[in-house]
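Written below as structure tokens is the structure these notes are about.
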Amino acid sequence: VLYVKYRMENSHQLIKDFLLENTMDGIICGTSEVCYQLLSVVNELGIRIPEDLRILTYDHNRWLGLLRSPLSVITQPVAEIGNQ
């Protein structure tokens, strides 16, 4: 488990070190912002999605539709959750 703050300046290096030091076939991102940071590192390291690593993220953002690689996304009804 790697805890990354939403907008942490050194998160790129933390994610990179985590991927280099651990063997895994999939990752779950708590937010699409963390997923964006992960994808930057994955691209830099030449990791192929989904062949080498499968990614699941929460919070569907419009930019996810621009990706060439498939990701699994859990969309949450944010407005409904906020009204509870």
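Details
- Single unsatisfied condition, Leu64 versus (1) in a helix (DSSP H, G or I); (2) at pLDDT 80 or above; (3) touching a strand residue (DSSP E or B) at 6+ places or on another chain (Cβ under 8 Å): (2)
Table: residues versus (1) of a type outside the set (Gly, Ala, Ser); (2) farther than 18 Å from Ser69 by Cα.
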site: Leu2; (1), (2): yes, yes
site: Lys5; (1), (2): yes, yes
site: Glu9; (1), (2): yes, yes
site: Leu14; (1), (2): yes, yes
site: Phe18; (1), (2): yes, yes
site: Glu21; (1), (2): yes, yes
site: Gly30; (1), (2): no, yes
site: Tyr36; (1), (2): yes, no
site: Leu45; (1), (2): yes, no
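- Beta carbons closer than 9 Å, at least 6 apart along the sequence or on distinct chains, pair a first residue in the range 30-56 that is within 17 Å of Ile74 (Cα to Cα) with a second that is open to solvent by 40 Å² or more (accessible area, probe 1.4 Å) and among the β-branched types (Val, Ile, Thr) for Ser32/Val73; Cys35/Val73; Ile55/Ile28; Leu56/Ile28; Leu56/Val73; Leu56/Ile74.
- Residue within the range 71-83 that is in a helix (DSSP H, G or I) and open to solvent by less than 50 Å² (accessible area, probe 1.4 Å) present: no
- Residue within the range 5-16 that is in a helix (DSSP H, G or I) and either of a type in the set (S, T, N, Q) or touching a residue at least 60 places away in the same chain (Cβ under 8 Å) (or both) present: yes
- Filter result for Arg48 (under 23 Å from Leu20 (Cβ atoms), open to solvent by 50 Å² or more (accessible area, probe 1.4 Å) and not aromatic (Phe, Trp, Tyr)): yes
- If only residues of the range 4-44 that are charged (D, E, K, R), under 17 Å from Thr57 (Cα atoms) and within 13 Å of the chain's Cα centre (by Cα) are counted, the one that is most open to solvent (accessible area, probe 1.4 Å) is Lys5.
The values are calculated or read from the model by the stated rules, or taken from the named source; none is laboratory data. Small disclaimer: the values here were computed from a predicted structure and weren't measured. Cβ sites come from the backbone with ideal geometry, for glycine too, and all protein chains shown count toward neighbours. Ligands, DNA and RNA are excluded from the accessible area calculation, which covers all protein heavy atoms including side chains. Shrake-Rupley method; radii C 1.70, N 1.55, O 1.52, S 1.80 Å.
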